[in-house]
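Right, one structure below, let's go through it.
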Protein chains: 2
Amino acid sequence: MAAREDTGEQEDMAAREHRAAEESVVAYGALERRIGYALRRAQIAVFQDFYRAVAAHAISPAQYSVLTIMENNPGLSQTQVADALGIKKTNFVAMIKELEARGLALRTPMPHDRRSFALSLSAAGAALVARLHADSEAHEARIRRAIGEEAYGALFPALRGIVRALRADHGECSEHAGG
Amino acid sequence: MAAREDTGEQEDMAAREHRAAEESVVAYGALERRIGYALRRAQIAVFQDFYRAVAAHAISPAQYSVLTIMENNPGLSQTQVADALGIKKTNFVAMIKELEARGLALRTPMPHDRRSFALSLSAAGAALVARLHADSEAHEARIRRAIGEEAYGALFPALRGIVRALRADHGECSEHAGG
DNA sequence: GTTATATAGTTATTGTCCATAACCAATAAA
DNA sequence: TTTATTGGTTATGGACAATAACTATATAAC
(Lines give C-alpha, C1' and ligand atoms only; values in the text may rest on other atoms or scores of the structure.)
Protein backbone atom coordinates (compact mmCIF):
# COMPACT_ATOMS: atom_id res chain seq x y z
CA MET A 1 0.00 0.00 0.00
CA ALA A 2 2.48 2.50 1.20
CA ALA A 3 4.94 2.01 -1.55
CA ARG A 4 4.40 1.18 -5.19
CA GLU A 5 2.06 3.19 -7.27
CA ASP A 6 1.30 1.27 -10.40
CA THR A 7 4.24 1.98 -12.55
CA GLY A 8 2.74 0.49 -15.66
CA GLU A 9 5.97 -1.39 -15.84
CA GLN A 10 6.24 -5.09 -16.25
CA GLU A 11 6.71 -5.99 -12.67
CA ASP A 12 7.31 -9.66 -12.00
CA MET A 13 4.71 -11.95 -10.50
CA ALA A 14 6.01 -11.55 -7.02
CA ALA A 15 5.59 -7.84 -7.07
CA ARG A 16 2.18 -8.02 -8.70
CA GLU A 17 0.82 -10.52 -6.30
CA HIS A 18 2.23 -8.61 -3.44
CA ARG A 19 0.75 -5.32 -4.49
CA ALA A 20 -2.60 -6.79 -5.50
CA ALA A 21 -2.89 -8.49 -2.16
CA GLU A 22 -2.19 -5.30 -0.32
CA GLU A 23 -4.60 -3.12 -2.24
CA SER A 24 -7.27 -5.72 -2.61
CA VAL A 25 -10.55 -5.08 -0.94
CA VAL A 26 -11.29 -8.31 0.77
CA ALA A 27 -14.63 -9.96 0.11
CA TYR A 28 -16.61 -10.62 3.25
CA GLY A 29 -19.05 -13.02 1.65
CA ALA A 30 -21.67 -14.38 4.00
CA LEU A 31 -20.24 -12.28 6.80
CA GLU A 32 -21.98 -9.30 5.27
CA ARG A 33 -25.27 -10.99 5.98
CA ARG A 34 -24.48 -12.02 9.53
CA ILE A 35 -26.18 -9.87 12.06
CA GLY A 36 -23.84 -11.15 14.75
CA TYR A 37 -20.82 -9.89 12.90
CA ALA A 38 -22.39 -6.49 12.26
CA LEU A 39 -23.48 -6.26 15.89
CA ARG A 40 -20.06 -7.13 17.19
CA ARG A 41 -18.25 -4.54 15.14
CA ALA A 42 -20.82 -1.87 15.97
CA GLN A 43 -20.72 -2.73 19.64
CA ILE A 44 -16.95 -2.47 19.75
CA ALA A 45 -16.97 0.85 17.92
CA VAL A 46 -19.65 2.23 20.23
CA PHE A 47 -17.84 1.06 23.35
CA GLN A 48 -14.66 2.68 22.16
CA ASP A 49 -16.52 5.90 21.61
CA PHE A 50 -18.07 5.58 25.05
CA TYR A 51 -14.66 5.08 26.64
CA ARG A 52 -13.51 8.16 24.85
CA ALA A 53 -16.56 10.15 25.92
CA VAL A 54 -16.09 9.42 29.61
CA ALA A 55 -12.33 9.01 29.58
CA ALA A 56 -11.92 11.71 32.18
CA HIS A 57 -13.77 9.61 34.74
CA ALA A 58 -12.14 6.25 34.08
CA ILE A 59 -15.42 4.41 33.95
CA SER A 60 -16.13 1.38 31.78
CA PRO A 61 -19.46 0.72 30.09
CA ALA A 62 -20.07 -2.08 32.56
CA GLN A 63 -19.37 0.18 35.52
CA TYR A 64 -21.63 2.83 34.05
CA SER A 65 -24.43 0.31 33.78
CA VAL A 66 -23.97 -0.70 37.40
CA LEU A 67 -23.97 2.87 38.63
CA THR A 68 -27.09 3.61 36.61
CA ILE A 69 -28.96 0.65 38.04
CA MET A 70 -27.97 1.67 41.56
CA GLU A 71 -29.07 5.20 40.86
CA ASN A 72 -32.50 4.11 39.67
CA ASN A 73 -32.97 1.32 42.19
CA PRO A 74 -31.29 2.15 45.45
CA GLY A 75 -31.39 -0.63 47.99
CA LEU A 76 -31.07 -3.57 45.66
CA SER A 77 -28.79 -6.42 46.66
CA GLN A 78 -25.70 -7.43 44.75
CA THR A 79 -27.44 -10.41 43.26
CA GLN A 80 -30.33 -8.28 42.08
CA VAL A 81 -28.16 -5.71 40.38
CA ALA A 82 -26.04 -8.42 38.84
CA ASP A 83 -29.11 -10.25 37.58
CA ALA A 84 -30.58 -7.09 36.13
CA LEU A 85 -27.46 -6.60 34.06
CA GLY A 86 -26.90 -10.23 33.22
CA ILE A 87 -23.67 -10.35 35.18
CA LYS A 88 -22.82 -13.42 37.24
CA LYS A 89 -22.89 -12.56 40.88
CA THR A 90 -19.48 -14.10 41.24
CA ASN A 91 -18.03 -11.67 38.72
CA PHE A 92 -19.97 -8.82 40.24
CA VAL A 93 -18.08 -8.97 43.52
CA ALA A 94 -14.91 -7.38 42.21
CA MET A 95 -16.86 -4.75 40.33
CA ILE A 96 -18.91 -3.52 43.25
CA LYS A 97 -15.92 -3.64 45.55
CA GLU A 98 -13.96 -1.41 43.25
CA LEU A 99 -16.82 1.06 43.02
CA GLU A 100 -16.98 1.00 46.81
CA ALA A 101 -13.23 1.44 47.11
CA ARG A 102 -13.44 4.44 44.81
CA GLY A 103 -16.05 5.94 47.08
CA LEU A 104 -18.82 5.77 44.51
CA ALA A 105 -20.96 2.98 45.90
CA LEU A 106 -22.24 2.20 49.38
CA ARG A 107 -22.91 -1.28 50.70
CA THR A 108 -25.21 -1.03 53.67
CA PRO A 109 -25.78 -4.23 55.63
CA MET A 110 -29.43 -5.16 55.46
CA PRO A 111 -31.07 -5.19 58.85
CA HIS A 112 -33.37 -8.13 58.17
CA ASP A 113 -31.00 -10.30 56.22
CA ARG A 114 -27.52 -10.24 57.56
CA ARG A 115 -26.19 -11.96 54.47
CA SER A 116 -26.87 -9.19 52.03
CA PHE A 117 -26.02 -5.59 51.38
CA ALA A 118 -28.24 -2.81 50.14
CA LEU A 119 -26.42 -1.06 47.34
CA SER A 120 -26.67 2.63 46.68
CA LEU A 121 -24.69 5.56 45.37
CA SER A 122 -22.62 7.74 47.62
CA ALA A 123 -22.89 11.49 47.16
CA ALA A 124 -19.78 11.32 45.03
CA GLY A 125 -21.26 8.44 43.08
CA ALA A 126 -24.46 10.37 42.45
CA ALA A 127 -22.50 13.37 41.30
CA LEU A 128 -20.36 11.26 39.04
CA VAL A 129 -23.24 9.41 37.47
CA ALA A 130 -24.88 12.72 36.63
CA ARG A 131 -21.80 13.76 34.72
CA LEU A 132 -21.58 10.36 33.09
CA HIS A 133 -25.13 10.72 31.87
CA ALA A 134 -24.31 14.10 30.37
CA ASP A 135 -21.12 12.88 28.73
CA SER A 136 -22.67 9.73 27.37
CA GLU A 137 -25.62 11.73 26.10
CA ALA A 138 -23.18 13.59 23.90
CA HIS A 139 -21.74 10.31 22.71
CA GLU A 140 -25.25 9.10 22.06
CA ALA A 141 -26.06 12.22 20.09
CA ARG A 142 -22.98 11.67 17.96
CA ILE A 143 -24.29 8.29 16.94
CA ARG A 144 -27.81 9.53 16.42
CA ARG A 145 -26.52 12.22 14.11
CA ALA A 146 -24.37 9.73 12.26
CA ILE A 147 -27.14 7.35 11.27
CA GLY A 148 -30.16 9.63 11.42
CA GLU A 149 -33.04 9.97 13.84
CA GLU A 150 -35.26 7.29 12.37
CA ALA A 151 -32.61 4.64 12.04
CA TYR A 152 -31.46 5.42 15.54
CA GLY A 153 -34.95 5.24 16.95
CA ALA A 154 -35.66 1.99 15.17
CA LEU A 155 -32.53 0.39 16.54
CA PHE A 156 -33.72 0.01 20.12
CA PRO A 157 -36.90 -1.98 19.50
CA ALA A 158 -35.07 -4.12 16.96
CA LEU A 159 -32.25 -4.96 19.33
CA ARG A 160 -34.60 -5.59 22.23
CA GLY A 161 -36.70 -7.74 19.96
CA ILE A 162 -33.70 -9.87 19.18
CA VAL A 163 -32.86 -10.31 22.83
CA ARG A 164 -36.40 -11.19 23.78
CA ALA A 165 -36.86 -13.61 20.92
CA LEU A 166 -33.62 -15.45 21.46
CA ARG A 167 -34.06 -15.59 25.19
CA ALA A 168 -37.44 -17.19 24.71
CA ASP A 169 -35.91 -19.65 22.29
CA HIS A 170 -33.06 -20.63 24.53
CA GLY A 171 -35.26 -21.30 27.48
CA GLU A 172 -34.10 -17.98 28.90
CA CYS A 173 -30.87 -19.37 30.18
CA SER A 174 -28.42 -16.65 31.00
CA GLU A 175 -29.04 -13.02 30.33
CA HIS A 176 -25.72 -11.30 30.11
CA ALA A 177 -24.65 -7.91 28.94
CA GLY A 178 -21.92 -5.96 30.53
CA GLY A 179 -22.37 -2.47 29.36
CA MET B 1 -37.37 2.01 43.64
CA ALA B 2 -37.56 -1.20 41.94
CA ALA B 3 -38.99 -2.94 44.87
CA ARG B 4 -41.96 -2.34 47.04
CA GLU B 5 -45.30 -1.69 45.57
CA ASP B 6 -47.48 -0.48 48.36
CA THR B 7 -49.60 -3.46 49.18
CA GLY B 8 -51.41 -1.76 51.98
CA GLU B 9 -50.97 -5.01 53.86
CA GLN B 10 -49.05 -5.27 57.07
CA GLU B 11 -46.70 -8.08 56.32
CA ASP B 12 -43.52 -7.71 58.27
CA MET B 13 -40.74 -5.75 56.72
CA ALA B 14 -38.52 -8.70 56.03
CA ALA B 15 -41.09 -10.58 54.04
CA ARG B 16 -42.25 -7.54 52.16
CA GLU B 17 -38.81 -6.49 51.20
CA HIS B 18 -37.92 -9.95 50.13
CA ARG B 19 -40.93 -10.53 48.00
CA ALA B 20 -40.95 -7.07 46.55
CA ALA B 21 -37.31 -7.38 45.70
CA GLU B 22 -37.86 -10.62 43.90
CA GLU B 23 -40.80 -9.48 41.86
CA SER B 24 -39.57 -6.00 41.30
CA VAL B 25 -38.97 -4.87 37.80
CA VAL B 26 -35.81 -2.89 38.02
CA ALA B 27 -35.74 0.51 36.40
CA TYR B 28 -33.01 0.85 33.81
CA GLY B 29 -33.18 4.63 33.56
CA ALA B 30 -30.79 6.12 31.06
CA LEU B 31 -29.57 2.66 30.15
CA GLU B 32 -32.71 2.26 28.09
CA ARG B 33 -31.50 5.05 25.87
CA ARG B 34 -27.94 3.81 25.51
CA ILE B 35 -27.30 2.24 22.18
CA GLY B 36 -24.13 0.66 23.52
CA TYR B 37 -26.04 -1.21 26.17
CA ALA B 38 -28.66 -2.41 23.70
CA LEU B 39 -25.97 -3.45 21.27
CA ARG B 40 -24.06 -5.37 23.87
CA ARG B 41 -27.02 -7.36 25.06
CA ALA B 42 -28.13 -8.11 21.54
CA GLN B 43 -24.64 -9.10 20.50
CA ILE B 44 -24.31 -11.50 23.39
CA ALA B 45 -27.71 -13.03 22.72
CA VAL B 46 -26.94 -13.45 19.04
CA PHE B 47 -23.53 -14.98 19.72
CA GLN B 48 -25.09 -17.43 22.12
CA ASP B 49 -27.60 -18.39 19.49
CA PHE B 50 -24.81 -18.75 16.97
CA TYR B 51 -22.88 -21.02 19.30
CA ARG B 52 -25.99 -23.07 19.69
CA ALA B 53 -26.62 -23.16 15.95
CA VAL B 54 -23.18 -24.50 15.13
CA ALA B 55 -22.55 -26.37 18.37
CA ALA B 56 -22.03 -29.61 16.50
CA HIS B 57 -18.94 -28.18 14.83
CA ALA B 58 -17.30 -26.50 17.82
CA ILE B 59 -16.69 -23.27 15.96
CA SER B 60 -16.72 -19.84 17.55
CA PRO B 61 -18.04 -16.73 15.82
CA ALA B 62 -14.47 -15.51 15.47
CA GLN B 63 -13.39 -18.77 13.88
CA TYR B 64 -16.35 -18.66 11.55
CA SER B 65 -15.37 -15.18 10.44
CA VAL B 66 -11.82 -16.32 9.73
CA LEU B 67 -12.98 -19.32 7.74
CA THR B 68 -15.36 -17.16 5.74
CA ILE B 69 -12.66 -14.66 4.85
CA MET B 70 -10.36 -17.48 3.78
CA GLU B 71 -13.13 -18.97 1.70
CA ASN B 72 -13.78 -15.73 -0.13
CA ASN B 73 -10.18 -14.62 -0.41
CA PRO B 74 -7.90 -17.60 -0.79
CA GLY B 75 -4.25 -16.73 -0.74
CA LEU B 76 -4.32 -13.86 1.70
CA SER B 77 -1.59 -13.65 4.29
CA GLN B 78 -2.17 -13.90 8.01
CA THR B 79 -1.76 -10.19 8.44
CA GLN B 80 -4.28 -9.47 5.73
CA VAL B 81 -6.93 -11.75 7.14
CA ALA B 82 -6.32 -10.43 10.62
CA ASP B 83 -6.57 -6.85 9.43
CA ALA B 84 -9.76 -7.54 7.53
CA LEU B 85 -11.37 -8.76 10.73
CA GLY B 86 -9.82 -6.21 13.04
CA ILE B 87 -7.81 -8.85 14.86
CA LYS B 88 -4.25 -8.11 15.93
CA LYS B 89 -1.88 -10.27 13.98
CA THR B 90 -0.30 -11.37 17.23
CA ASN B 91 -3.60 -12.75 18.47
CA PHE B 92 -4.31 -14.27 15.11
CA VAL B 93 -1.41 -16.67 15.32
CA ALA B 94 -3.05 -19.02 17.80
CA MET B 95 -6.34 -18.89 15.91
CA ILE B 96 -4.95 -19.84 12.54
CA LYS B 97 -2.73 -22.49 14.05
CA GLU B 98 -5.66 -24.14 15.69
CA LEU B 99 -7.63 -24.10 12.46
CA GLU B 100 -4.60 -25.61 10.77
CA ALA B 101 -4.20 -28.21 13.51
CA ARG B 102 -7.83 -29.17 13.04
CA GLY B 103 -7.19 -29.69 9.38
CA LEU B 104 -9.45 -26.87 8.26
CA ALA B 105 -6.91 -24.32 7.10
CA LEU B 106 -3.82 -24.57 4.93
CA ARG B 107 -0.77 -22.36 5.28
CA THR B 108 1.19 -22.51 2.07
CA PRO B 109 4.59 -20.86 2.14
CA MET B 110 4.64 -18.06 -0.37
CA PRO B 111 7.20 -18.67 -3.08
CA HIS B 112 8.16 -15.05 -3.50
CA ASP B 113 8.16 -14.01 0.11
CA ARG B 114 9.53 -16.58 2.44
CA ARG B 115 8.23 -14.73 5.45
CA SER B 116 4.58 -15.19 4.75
CA PHE B 117 1.99 -17.88 4.23
CA ALA B 118 -0.88 -17.96 1.82
CA LEU B 119 -3.97 -19.00 3.74
CA SER B 120 -6.70 -21.13 2.29
CA LEU B 121 -9.27 -23.71 3.23
CA SER B 122 -8.54 -27.39 3.07
CA ALA B 123 -11.14 -29.64 1.50
CA ALA B 124 -12.40 -30.39 4.96
CA GLY B 125 -12.42 -26.69 5.76
CA ALA B 126 -14.41 -25.90 2.67
CA ALA B 127 -16.90 -28.63 3.48
CA LEU B 128 -17.21 -27.41 7.01
CA VAL B 129 -17.68 -23.80 6.09
CA ALA B 130 -20.47 -24.77 3.75
CA ARG B 131 -22.28 -26.44 6.60
CA LEU B 132 -21.55 -23.50 8.87
CA HIS B 133 -23.14 -21.18 6.33
CA ALA B 134 -26.21 -23.34 6.20
CA ASP B 135 -26.48 -23.64 9.96
CA SER B 136 -25.90 -19.97 10.59
CA GLU B 137 -28.38 -19.12 7.87
CA ALA B 138 -30.98 -20.90 9.94
CA HIS B 139 -29.88 -18.94 12.97
CA GLU B 140 -30.07 -15.78 10.90
CA ALA B 141 -33.55 -16.66 9.72
CA ARG B 142 -34.63 -17.13 13.32
CA ILE B 143 -33.62 -13.58 14.09
CA ARG B 144 -35.13 -12.22 10.92
CA ARG B 145 -38.41 -13.85 11.77
CA ALA B 146 -38.26 -12.53 15.32
CA ILE B 147 -37.96 -8.86 14.46
CA GLY B 148 -39.47 -8.79 10.98
CA GLU B 149 -38.02 -8.42 7.53
CA GLU B 150 -37.87 -4.65 7.45
CA ALA B 151 -36.32 -4.17 10.84
CA TYR B 152 -33.83 -6.88 10.02
CA GLY B 153 -32.97 -5.35 6.69
CA ALA B 154 -32.57 -1.90 8.21
CA LEU B 155 -30.23 -3.17 10.87
CA PHE B 156 -27.25 -3.75 8.60
CA PRO B 157 -26.94 -0.27 7.13
CA ALA B 158 -27.55 1.26 10.53
CA LEU B 159 -24.85 -0.77 12.22
CA ARG B 160 -22.40 -0.20 9.40
CA GLY B 161 -23.21 3.49 9.52
CA ILE B 162 -22.30 3.56 13.18
CA VAL B 163 -19.00 1.85 12.57
CA ARG B 164 -18.12 4.12 9.68
CA ALA B 165 -19.09 7.29 11.50
CA LEU B 166 -17.24 6.46 14.69
CA ARG B 167 -14.18 5.22 12.90
CA ALA B 168 -14.00 8.51 11.03
CA ASP B 169 -14.37 10.37 14.30
CA HIS B 170 -11.71 8.43 16.11
CA GLY B 171 -9.17 8.92 13.42
CA GLU B 172 -9.75 5.31 12.41
CA CYS B 173 -7.54 3.95 15.12
CA SER B 174 -8.14 0.27 15.64
CA GLU B 175 -10.81 -1.65 13.85
CA HIS B 176 -11.67 -4.68 15.89
CA ALA B 177 -14.45 -7.17 15.72
CA GLY B 178 -13.93 -10.77 16.38
CA GLY B 179 -16.95 -12.46 15.00
C1' DG C 1 27.19 -4.31 -1.94
C1' DT C 2 26.36 -2.80 2.53
C1' DT C 3 23.69 -0.59 5.71
C1' DA C 4 19.31 0.86 7.37
C1' DT C 5 14.50 0.28 7.54
C1' DA C 6 10.23 -2.05 7.17
C1' DT C 7 7.46 -6.22 7.15
C1' DA C 8 5.46 -11.30 8.29
C1' DG C 9 5.20 -14.13 11.66
C1' DT C 10 6.13 -15.44 16.38
C1' DT C 11 6.54 -15.58 21.60
C1' DA C 12 5.70 -13.89 26.05
C1' DT C 13 2.95 -11.35 29.04
C1' DT C 14 -0.88 -8.75 30.77
C1' DG C 15 -5.68 -7.40 31.39
C1' DT C 16 -10.58 -7.94 30.82
C1' DC C 17 -14.74 -10.35 30.73
C1' DC C 18 -17.41 -14.48 31.27
C1' DA C 19 -18.07 -19.08 33.25
C1' DT C 20 -17.79 -23.11 36.94
C1' DA C 21 -17.03 -25.16 41.25
C1' DA C 22 -16.74 -24.91 45.96
C1' DC C 23 -17.33 -22.63 50.27
C1' DC C 24 -19.39 -19.96 54.55
C1' DA C 25 -22.87 -17.74 56.85
C1' DA C 26 -27.52 -16.87 57.23
C1' DT C 27 -32.22 -17.70 56.12
C1' DA C 28 -36.33 -20.48 54.79
C1' DA C 29 -38.67 -24.80 54.43
C1' DA C 30 -39.62 -29.66 56.04
C1' DT D 1 -34.13 -29.60 64.32
C1' DT D 2 -32.72 -31.11 60.14
C1' DT D 3 -32.53 -29.82 55.34
C1' DA D 4 -32.47 -26.98 51.48
C1' DT D 5 -31.84 -22.47 49.64
C1' DT D 6 -29.84 -18.07 49.19
C1' DG D 7 -26.28 -13.95 49.40
C1' DG D 8 -21.80 -13.20 49.13
C1' DT D 9 -17.12 -14.84 48.47
C1' DT D 10 -12.75 -17.09 46.69
C1' DA D 11 -10.22 -19.64 43.41
C1' DT D 12 -9.66 -20.86 38.85
C1' DG D 13 -9.88 -21.42 33.86
C1' DG D 14 -11.03 -20.04 29.03
C1' DA D 15 -11.65 -16.73 25.23
C1' DC D 16 -10.28 -12.47 23.35
C1' DA D 17 -7.68 -8.15 23.12
C1' DA D 18 -3.38 -5.27 23.71
C1' DT D 19 1.89 -4.33 24.09
C1' DA D 20 6.63 -5.24 23.79
C1' DA D 21 10.17 -7.61 21.88
C1' DC D 22 12.30 -10.95 18.90
C1' DT D 23 13.65 -13.67 14.04
C1' DA D 24 14.06 -13.92 9.40
C1' DT D 25 13.19 -12.09 5.52
C1' DA D 26 12.58 -8.22 2.20
C1' DT D 27 13.02 -3.50 0.55
C1' DA D 28 15.25 1.15 0.34
C1' DA D 29 19.13 4.15 0.80
C1' DC D 30 23.71 5.01 0.40
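The values are calculated or read from the model by the stated rules, or taken from the named source; none is laboratory data. Given the structure is predicted, the values throughout are model-derived calculations rather than measurements. We place every Cβ from the backbone using ideal geometry, glycine too, and count neighbours over all the protein chains shown.
Go through the residues of the stretch B:88-100 one by one and say whether even a single one is within 16 Å of DNA strand C (Cβ to nearest atom), more than 8 Å from every other protein chain (Cβ to nearest Cβ) and closer than 30 Å to A:Leu155 by Cβ. Please lay out each step first, then the result.
So the first thing to find is which residues in the stretch B:88-100 are within 16 Å of DNA strand C (Cβ to nearest atom), and the list is B:88-100.
Subset that is more than 8 Å from every other protein chain (Cβ to nearest Cβ): B:88-100.
Going one step further and asking which of them are closer than 30 Å to A:Leu155 by Cβ, we end up with B:88, B:91.
Scanning the stretch B:88-100, I find at least one residue that is within 16 Å of DNA strand C (Cβ to nearest atom), more than 8 Å from every other protein chain (Cβ to nearest Cβ) and closer than 30 Å to A:Leu155 by Cβ, so the answer is yes.
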> How many residues does the stretch A:80-104 contain that are over 13 Å from A:Ile59 (Cα atoms), more than 9 Å from DNA strand D (Cβ to nearest atom) and buried (at least 19 other Cβ atoms within 10 Å of the Cβ)?
Replying inline: 3
>> Can you tell me which of (1) under 25 Å from A:Ala55 (Cβ atoms); (2) crowded, with 19+ Cβ neighbours inside 10 Å; (3) at pLDDT below 95; (4) away from DNA strand C (no atom under 12 Å from the Cβ) is the one A:Ala177 doesn't meet?
In response: (4)
> Restricting attention to the stretch A:109-147, and to residues there that are surrounded by 12 or more Cβ atoms within 10 Å (Cβ to Cβ) and within 16 Å of DNA strand C (Cβ to nearest atom), which single residue is nearest to B:Gly36 (Cα to Cα)?
Replying inline: A:Ser136
>> Report every pair of residues separated by at least 6 positions or lying on different chains whose Cβ atoms are under 8 Å apart, first residue within the stretch A:111-136 and in contact (Cβ under 8 Å) with a residue 60 or more places away in the chain and away from DNA strand D (no atom under 11 Å from the Cβ), second assigned to a strand (DSSP E or B) and not basic (Lys, Arg).
In response: A:Val129/A:Leu121
>> Can you find a residue that is at positive phi, facing chain B (nearest Cβ under 9 Å), away from DNA strand C (no atom under 12 Å from the Cβ) and assigned to a helix (DSSP H, G or I) anywhere in the stretch A:24-31?
In response: yes
